[in-house]
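A quick write-up on the structure given underneath.
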């Protein structure tokens with residue numbers, strides 16, 4: 001079975017989902033293997049090559065006072081998948 005997955009590689013939810021898809025695919029026992037094809041796209045194709053805000057800073061702009069709770073949720077979900085998502089230090093560039 002061939003599965004094509006499209007996602008923004010800068011999105012923390014993409015990495016969480018990637019881990020979950022890989023774990024699920026490894027458990028498939030149907031005839032044949034699961035072939036995963038990863039496809040990327042940019043949520044912000046207009047972003048420049050200069051360091052932008054950290055994900056946490058961007059999320060604070062988007063979500064205001066709810067940002068700390070949502071950041072904590074993303075980090076918790078990431079830890080459940082074995083990921084350390086340091087949203088206060090990452091610096092995305094295009």
Legend entry - Tilt relative to the chain, helix 67-80 - C-alpha long axis, 0 to 90 degrees, to 10: 30 degrees
Legend entry - Rounded to 10°, Cα long-axis angle of helix 12-27 versus longest principal axis of the chain: 10 degrees
Inset, instruction - Could you work out how far apart the two model spin labels at residue 83 and residue 28 are, taking each label as a point 7 Å from the Cα in the direction of the beta carbon, and quote it in nm? - result: 2.0 nm
Inset, instruction - Treating each Cα of the chain as an identical point scatterer and ignoring solvent, apply the Debye formula and state log10 I(q)/I(0) at q = 0.10, 0.11, 0.17, 0.26 Å⁻¹. - result: -0.34, -0.40, -0.84, -1.35
Inset, instruction - Would you mind computing, in nm to one decimal, how far apart the modelled labels at residue 38 and residue 50 are, each placed 7 Å from Cα along Cα→Cβ? - result: 3.0 nm
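Only the coordinates and a few stated rules stand behind these numbers; no lab work does. Remember, it's a predicted structure, so these values are computed and weren't measured experimentally. Cβ: placed from backbone, ideal geometry, glycine included. Neighbour counts: every protein chain shown.
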